[in-house]
Amino acid sequence: MSSLPLHPMIVHIPIVLALTVPIIALLVLLGRYFDKLGRRAWIGFAVLQVLLAGSAFAAMQFGEQDEEIAEEVVSHHAIEEHEEAGERMAWTAGIVALLGVGGLLVPVPIVRKSLLSVAVVGSFVTAGMGVAAGHTGGELVYKHGAAQAHVERIKSDPLAVNMSDGERTDSSKRSKSSKDKAERTKSSSAKDDDERTKSSSAKDDDERTNSSEDTKTATETATRT
């Protein structure tokens, strides 16, 4: 499992699409107006808009998962501001995607053209909201230092990042169990060393005592002789 947060990996996709889709939509609209482009061009616009909406909601979901970590170093107000900007962008992109798909499915020409025209305007609105969301996200990272929260977590425990609370608890328990086991092993080893030292010391004392008694006996024998 990657130790990096997923939100910054995903968030660039909707931002790029939000800035690209309006230009494509405007070109398609002009092409349709002058009868230079067919229905397939609108299909391409609708597909890109659906991808934009889907990636925006995915980025929003991953952002909510990273919120608790970022709040370790960033104020809740700053995070809330970015979160609201991202939500506005995602929901607007979703509505524009529905308009684009609806414009392709509606059989009445005037209604279809109206829906597609509104979708084009909506794509520019989405682009503006994407810029706002990107700006607040940039402030979180470069002004408030949101990335530092992840840096500290990776340094302290790379495997704990992106884990659920239960997984982090299990990891902490395993770490504590390993530490306790190591301490018990160390204690047991120290105890064995102490016992061997005591045993060796006692053996040396016995040998010295026996040697002293042998020397004394030999001296007494020599004296009597």
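No value in this document is a laboratory result; all are computed from the given coordinates. Predicted model only: the values in this text are computed from it and were never measured. Ideal geometry is used to build each Cβ from the backbone, glycine not excepted, and the neighbour counts take in all protein chains shown.
Ranking Leu29, Ile69, Met9 by how far each Cα lies toward the positive end of the dipole of segment 7-162 (charges on Cβ) leaves Leu29 at the top. With neighbours defined as other Cβ atoms within 10 Å of a residue's Cβ, the residues Met9, Met129, Met89 order from fewest to most as Met9, Met129, Met89.
Between Val73 and Arg39, the simple label model (points 7 Å from Cα in the Cβ direction) yields a spacing of 5.3 nm. Pairs of Cα atoms nearer than 8 Å and 6+ residues apart set the relative contact order; for segment 7-162 it is 30 percent.
Stretch Glu183-Val47 to full length: gain in nm at 0.36 nm per residue minus the Cα-Cα span?
42.9 nm
Listed by Cβ neighbour count within 10 Å, with the fewest neighbours leading, Thr92, Thr126, Thr20, Thr136 appear as Thr20, Thr136, Thr92, Thr126. Counting beta carbons within 10 Å around each of Val74, Val118 and listing the fewest first gives the order Val118, Val74. Summing Lys and Arg as +1 and Asp and Glu as -1 over all other residues whose Cβ lies under 14 Å from the Cβ of Ala53 gives a net charge of 0. Per-residue 3J(HN,Hα) values for segment 9-25, derived from phi via the Karplus relation 6.51 cos²θ - 1.76 cosθ + 1.60 with θ = phi - 60°, read 6, 9, 5, 5, 5, x, 5, 5, 5, 4, 8, 8, 4, x, 5, 5, 4 Hz in sequence order (x marks Gly and Pro).
When the scattering of segment 32-129 is computed by the Debye formula from its Cα atoms alone, each counted once and equally, what is log10 I(q)/I(0) at q = 0.14, 0.22 Å⁻¹? Each listed q corresponds, in turn, to -0.59, -1.04.
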